[in-house]
Amino acid sequence: MKTTRRDFIRKTSMAGVAGYMGTMGLSAASYRRILGANDRVRVGVVGFSDRHRNDHIPAFLTSNKEQNFDIIAVSDIWKKRREDGKDFLTQKMGHPVQACVNNDELYNIKEVDAVIISTADFQHAYHTVEAVKAGRDTYTEKPLAETMEDNRAVLKAVKESGKIVQIGSQRRSGANYQAAADFIKEGKFGSIVMVELTWNVNQPGRWRRPSLVPLLKEEDTDWKRFLINRPYEPFDARKHLEFRLFWPYSSGIPGQWMSHQIDTVHWFSGLAHPRSVSANGGIYLWKDGRKNADTFTAVFDYGPLNDPSTGFQVMFTSRQTNAAGDVKEIYYSNGGMLNLDTNKITPEGGLKENHARAMNMQPNLLPEMSLKELAAKVSTDASTGNDPLTTAHMRNWMECVRSRKQPNAPIEAGYHHSIAVIMANAAYRTGEKVTFDEKTQEVMAGKKVFKY
């Protein structure tokens with residue numbers, strides 16, 4: 001009798017977790033050769049973070065059965081989170097999930113086809129390089145990179161690998177953002193002359209983990225592995241768990257929030273990065289030992305590098321000390337404005353006389369929008385739950401892992417938003433007007449390459 005693939009899997013299965021994995025014994029390469037539309041894609045989790053627990057998993061569970069995706073392993077260097085992740089994911093997936101002490105152990109599981117990466121901000125690029133070199137596709141959270149050295153390394157590794165990498169810039173999977181991009185690219189809006197980006201909260205505990213910090217002991221984690229390529233310093237539980245407050249483990253506001261909004265500027269305009277950035281800000285209220293600003297403003301100049309006479313300005317403002325203004329993304333042309341808070345395009349502020357575009361730009365909702373989508377707002381909460389943008393973005397990743405088409409937020413999108421993030425961070429930390437050297441692909445603060 002002819003042996004079917006199902007028979008083969010059953011005969012080669014092992015007890016416990018390995019038994020559930022089923023294809024133990026097949027090499028990663030041979031497994032991919034037989035992976036079809038009905039075959040299960042097995043996923044590993046790199047970093048059992050709050051973002052993963054509260055946002056990735058609800059989004060994953062919305063589409064995983066239809067797309068036939070499963071989670072079989074979790075890697076985290078902290079013993080507590082590793083064990084919490086194993087228990088949580090076992091309950092959610094309905095079968096045992098293997099806990100791995102580090103990524104080396106994770107990638108020794110040949111059945112892992114892809115990974116979801118949500119580790120510390122400065123680790124995203126490094127962990128993506130690890131994954132694609134191990135032959136895995138990734139869903140990698142933003143910011144992709146906080147230094148140009150990491151940014152160049154991850155771009156090179158991903159391009160050479162041919163792996164599918166979705167950057168966690170979920171606006172790119174939103175129907176309203178896609179409609180806005182089409183409207184601008186089709187020339188209906190006219191040339192962008194100004195963009196105003198706002199992200200305000202009033203959350204004194206944002207990025208703090210006071211209940212967890214006392215629980216983290218050096219013997220229960222791998223501090224050297226945490227630091228990866230950052231300068232060595234003695235173990236610090238706050239920097240391990242509250243990394244978003246401390247440079248060089250995170251730029252804070254630019255990497256966490258600005259990266260989302262500046263990505264839409266690149267997407268809508270077709271420009272890869274700013275021509276220059278100036279920034280200011282400080283720790284004006286939350287005096288809790290942090291090193292990253294609680295208030296931040298950056299002003300960008302965008303336009304063709306070979307023509308400084310044309311272009312537009314982008315102003316990003318953010319504070320953690322007063323929520324008035326909330327989250328706003330407003331694009332202006334000479335003929336009107338496109339407001340991604342209200343999802344409306346209007347001739348407001350545009351020329352009223354002798355200007356055909358302004359006369360034709362009647363107030364309207366962005367096309368292809370449902371009432372549900374129009375009602376959905378971008379959340380400023382630390383956990384957005386099963387929000388429609390992340391849900392659509394996760395599904396797009398799953399579809400692309402199967403089709404091998406490029407996802408909505410490919411590696412280039414992450415590379416470009418990281419340039420803007422690094423430039424803004426450099427401007428804040430040095431006080432210099434920052435530019436980008438196209439030839440060397442370095443961020444220049446004054447005449448010096450910015451690193452830390």
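Based only on the alpha carbon positions, what is the Kirkwood hydrodynamic radius of the stretch 88-171, in angstrom?
Numbers: mean 1/r = 0.0742 Å⁻¹.
This gives a value of 13.5 Å.
With only alpha-carbon atoms in the gyration tensor, what are the semi-axes of the equivalent ellipsoid for the stretch 56-210, in Å, largest first?
Numbers: eigenvalues 195, 79, 70 Å².
For the stretch 56-210, the semi-axes come out at 31, 20, 19 Å.
Across the stretch 236-247, computed HN-Hα scalar couplings (Karplus, 6.51 cos²θ - 1.76 cosθ + 1.60, θ = phi - 60°) run 9, 4, 5, 5, 5, 9, 10, 4, 5, 8, 10, 7 Hz from first to last residue, x flagging Gly and Pro.
Inter-label distance, L215 to V449: 4.2 nm, where each label sits 7 Å from its Cα along the C-beta direction. Excluding ligands, DNA and RNA, the accessible surface per residue across the stretch 47-162 is 33 Å² with a 1.4 Å probe.
Farthest toward the positive end of the dipole of the stretch 289-344, out of I330, N292, L305, is the Cα of N292, where the dipole comes from beta carbon charges about the Cα centre. Taking amide H positions as modeled 1.01 Å from N, with prolines and chain starts lacking one, the residues under 5 Å from K142 and 5 or more places away or on another chain are G168.
Tally Lys and Arg at +1 and Asp and Glu at -1 over the other residues with C-beta under 9 Å from the C-beta of V277: what net charge comes out? With Lys, Arg at +1 and Asp, Glu at -1, the net is +1.
Can you work out the PRE-style zone for R225? Point 7 Å along Cα to Cβ, and I want the residues of the stretch 64-94 with backbone N under 14 Å. Hits in the stretch 64-94 for R225 at 14 Å: 74-83.
Pairs K344/K433; K163/K217; K133/K451; K291/K328; K224/K291; K79/K110: which are spaced more than 30 Å apart, C-alpha to C-alpha? If you can, show how the numbers build up before the last one.
On the way: K344/K433 34 Å; K163/K217 36 Å; K133/K451 25 Å; K291/K328 26 Å; K224/K291 21 Å; K79/K110 23 Å.
From the list (K344/K433; K163/K217; K133/K451; K291/K328; K224/K291; K79/K110), the Cα-Cα distance tops 30 Å for K344/K433; K163/K217.
Here the label points at D182 and S309, each 7 Å from Cα along the C-beta direction, are separated by 3.6 nm in the simple model.
In this rough spin-label picture, where each label sits 7 Å from Cα along the Cβ direction, the E399-K344 distance is 3.1 nm.
The values are calculated or read from the model by the stated rules, or taken from the named source; none is laboratory data. Because the structure is predicted, anything quoted here is derived from the model rather than measured. Ideal geometry is used to build each Cβ from the backbone, glycine not excepted, and the neighbour counts take in all protein chains shown. The area values use the complete protein model at the heavy-atom level, side chains included, leaving out ligands, DNA and RNA. Shrake-Rupley method; radii C 1.70, N 1.55, O 1.52, S 1.80 Å.
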